[in-house]
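Quick notes on the structure that follows.
What follows is calculated from the coordinates using simple rules that are stated; it is not laboratory data. What you see is a predicted model; the values in this text were computed from it and never measured. So basically every Cβ, Gly included, is an ideal-geometry build from the backbone, and we count neighbours across all protein chains shown.
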Amino acid sequence: MKTIAVLGTLDTKGTEHSFIADLIREKGHKTLLIDVGTSTPPTVAPDITREQVAAAAGIDLDSLIARQDRGECVVAISKAAPVLVAKLASEGKIDGIISLGGGGGTAIGTAAMRGLPFGFPKVMVSTLASGNTAHYVGEKDITMMPSIADVAGLNRITRTVFTRAAGAICGMVEAELPASTEDLPLIAASMFGNTTQCVDHAREIIDAAGYETLVFHSTGTGGKTMESLIADGLVAGVLDITTTEWADEYVGGTLTAGSTRLDATAKANIPAIVVPGCLDMVNFGARETVPEKFNGRNFYIHNPQVTLMRTNAEECTALGKIIAEKVNTYTAPVTVLIPTKAISIISAEGQPFHDPAADQALFSSLKSNLNPSIPVIEMDTTINDPAFSKACAETLLNHLKK
């Protein structure tokens, strides 16, 4: 028998959360009903009151409610909820969490879930689940489930959705995890579709040497997640082959991981190899969504939803300097590897992003701005050449031995 937290705004959505709790108990599990409402009194009796939630973070909720500023109350309870549920989880008092909500409820529910560790079962039934959920999910493994109809009463639609959601969270807490490999040191690797062959081959070599490689897709969220795990001290080394998110951050694309990308490795003081993988491209949505200021540039339609833009020599010069300055802060062993024939599949000779002048601007800037004490390995290969991926893997393994 497991205990599942049912967290929600019980003033406006008490009936719905109570319905979910009943379904969970019918499955043989316990529930802990947590109220995070901030307006009228709850319509069902909670196990943990909103005042107790707020108190977990030292917040005087009554004074906030008295000011009748809903936004201020939502912000406050969103800060308190993660503190409370993290404490409950660390004490073994809850084994999973589920919440239902519209805009405010989703903000509060997912804030609470982001305070919980990876692997802890989390289900958010939301009116916003079919849109851009990046700022709700963050770097956490939150399952977002569309509510279809509004979370406003019980009807033939919501009963079906809520029943499936209850079944989902029960299934999650009941599922047995596979045999642990926690004894193997972890390696974080960055990958894009254009560098898959390189990373896959390098991963095979590294894993055969007694490590477990976690691969992150360099889509902005992927880079942020990788940085988060590195910062948490879970990683022994970094295979940073695909630093493309910096192109989006600098030029203004859609897949930026922010200005702190590459910082966590320095702070964690762990070995790394760094490659200017896919810095030839900036990501946008469908072609018609690309800002007009880029008219006349070299574009490649990756698919109907993704348009790639080739970085020019000026941008590559700036990117080389940025990457070098980041790597200069690394204190553990680090090597920069450069595949001079192509930094992505489509920048190779005969491909649409082949631009030797832009590539040379990137390489020259990277090398000239890099601390002379940091080794640079240039190879007359493409990034996906097995010889290059082998060099990446073996260089990192040598650093780890030190």
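Using θ = phi - 60° and the Karplus curve 6.51 cos²θ - 1.76 cosθ + 1.60, what whole-Hz ³J(HN,Hα) does each residue of the range 21-32 get, with Gly and Pro shown as x?
Each residue of the range 21-32 in turn: 4, 4, 5, 5, 5, 4, 7, x, 10, 8, 10, 10 Hz.
Over 27 Å between Cα atoms, which of LYS87/LYS326; LYS93/LYS267; LYS140/LYS321; LYS30/LYS140; LYS140/LYS341 qualify?
Exceeds cut-off: LYS87/LYS326; LYS93/LYS267; LYS140/LYS321; LYS140/LYS341.
Please compute the length gained on full extension between ASP200 and ARG67, using 0.36 nm multiplied by the number of residues separating them and subtracting their Cα-Cα distance.
The span from ASP200 to ARG67 would gain 42.3 nm if fully extended.
What length, rounded to one decimal in nm, is gained on full extension from GLU91 through to ARG159, with 0.36 nm per residue of separation minus their alpha-carbon distance?
Roughly 21.2 nm would be gained on extension.
Mean residue ellipticity at 222 nm from the helices of the chain, using -39,500 (n - 2.57) per DSSP H segment of n ≥ 4 over the full residue count, to the nearest 500 deg cm²/dmol?
-12500 deg cm²/dmol
Which Cα, out of THR158, VAL275, HIS135, lies furthest along the positive dipole direction of the chain (beta carbon charges, K/R +1, D/E -1)?
After comparing all options, I get THR158.
Return the percentage of antiparallel bridges among DSSP beta bridges fully within the range 186-401, rounded to the nearest 5 %.
30 percent
In the chain, if the dipole is taken from +1 on Lys/Arg beta carbons and -1 on Asp/Glu beta carbons about the Cα centre, which of ILE98, HIS354, THR12 is farthest to the positive end?
Working it through, the farthest residue towards the positive pole turns out to be THR12.
Taking the 0 to 90 degree range and rounding to the nearest ten, how far is the long axis of helix 103-114 tilted relative to the main principal axis of the chain, both from C-alpha atoms?
Between the helix axis and the principal axis of the chain, the angle is about 70 degrees.
In what order do THR243, THR311, THR329 fall by count of nearby beta-carbon atoms within 10 Å, going from fewest to most?
Ranked by crowding around the Cβ, least crowded first: THR329, THR243, THR311.
What is the Cα centroid distance between the range 187-210 and the range 16-45, reported in whole angstrom?
45 Å
Using modelled amide H (1.01 Å from N, peptide plane; none on Pro or chain starts), what sits under 5 Å from the amide H of LEU32, excluding residues fewer than 5 places away?
Under 5 Å from the amide H of LEU32: ILE4, ALA5, VAL6.
Any idea which of LEU400, GLY210, ALA107 is furthest toward the positive side of the dipole for the chain, if Lys and Arg beta-carbons carry +1 and Asp and Glu beta-carbons -1?
ALA107
What's the exposure ranking of PHE216, PHE118, PHE299, going from fewest to most Cβ atoms within 10 Å?
Ordered by Cβ neighbours within 10 Å, fewest first: PHE118, PHE299, PHE216.
Taking the Cα centre of the range 3-174 as the origin, how large is its charge dipole in debye, to the nearest 20, when only Lys and Arg (+1) and Asp and Glu (-1) carry charge on their Cβ atoms?
Result for the range 3-174 is approximately 320 debye, rounded to the nearest 20.
I want to check the label-to-label distance for LYS27 and THR40. Put each point 7 Å from Cα in the C-beta direction and report it in nm to one decimal.
3.0 nm
Pull out the extension gain between ASP380 and ARG287, defined as 0.36 nm times the separation in residues minus the alpha carbon to alpha carbon distance; nm, one decimal.
Between ASP380 and ARG287, full extension yields an extra 30.1 nm.
Let me spell out the model: positive unit charges on the Cβ of Lys and Arg, negative unit charges on the Cβ of Asp and Glu, origin at the Cα centre of the range 186-401. What dipole size does that give, in debye rounded to 20?
Its charge dipole is roughly 220 debye.
Angle between the Cα long axis of helix 356-369 and the longest principal axis of the chain, 0 to 90 degrees, nearest 10?
Its long axis makes an angle of about 80 degrees.
Karplus couplings for the range 192-198 from phi (6.51 cos²θ - 1.76 cosθ + 1.60, θ = phi - 60°), rounded to Hz, Gly and Pro as x?
For the range 192-198, the Karplus curve yields 10, x, 6, 10, 4, 4, 4 Hz.
Quick check on the chain: of the DSSP beta bridges with both residues there, what percent are antiparallel, nearest 5%?
Antiparallel: roughly 20 percent of the beta bridges in the chain.
Nearest 20 debye, what's the magnitude of the dipole of the chain about its Cα centre given +1 on Lys and Arg Cβ and -1 on Asp and Glu Cβ?
580 debye
So, R0 is 56 Å and r is the distance between the beta-carbons of ALA57 and GLN360; what FRET efficiency does that work out to, to 0.05?
Approximately 0.60, to the nearest 0.05.
Where is the GNM fluctuation largest for the chain (alpha-carbon springs, 10 angstrom cutoff): PRO352, PRO42, PRO304?
PRO304
Can you sort ARG67, ARG310, ARG50 by how many other beta carbons sit within 10 Å, fewest first?
So the residues, fewest neighbours to most, are ARG67, ARG310, ARG50.
Would you kindly derive the ³J(HN,Hα) couplings of the range 272-278 from the backbone phi angles with the Karplus curve 6.51 cos²θ - 1.76 cosθ + 1.60 (θ = phi - 60°), listing them in order in whole Hz, with x for Gly and Pro?
Listing the rounded values in order: 7, 10, 10, 10, x, x, 6 Hz.
Given that just one value was derived from the coordinates, which of (1) 1.05; (2) 1.07; (3) 0.95 is Rg/Rh (Cα atoms, Kirkwood Rh)?
The value matching this structure is (1).
So what is the relative contact order of the range 195-338, in percent, for Cα pairs below 8 Å that sit 6 or more residues apart?
Once divided by the residue count of the range 195-338, the mean separation gives 23 percent.
Residues with amide H under 5 Å of MET145's amide H, sequence separation 5 or more or different chain, H placed in the peptide plane at 1.01 Å from N; which?
Long-range HN contacts for MET145: MET124, VAL125, SER126.
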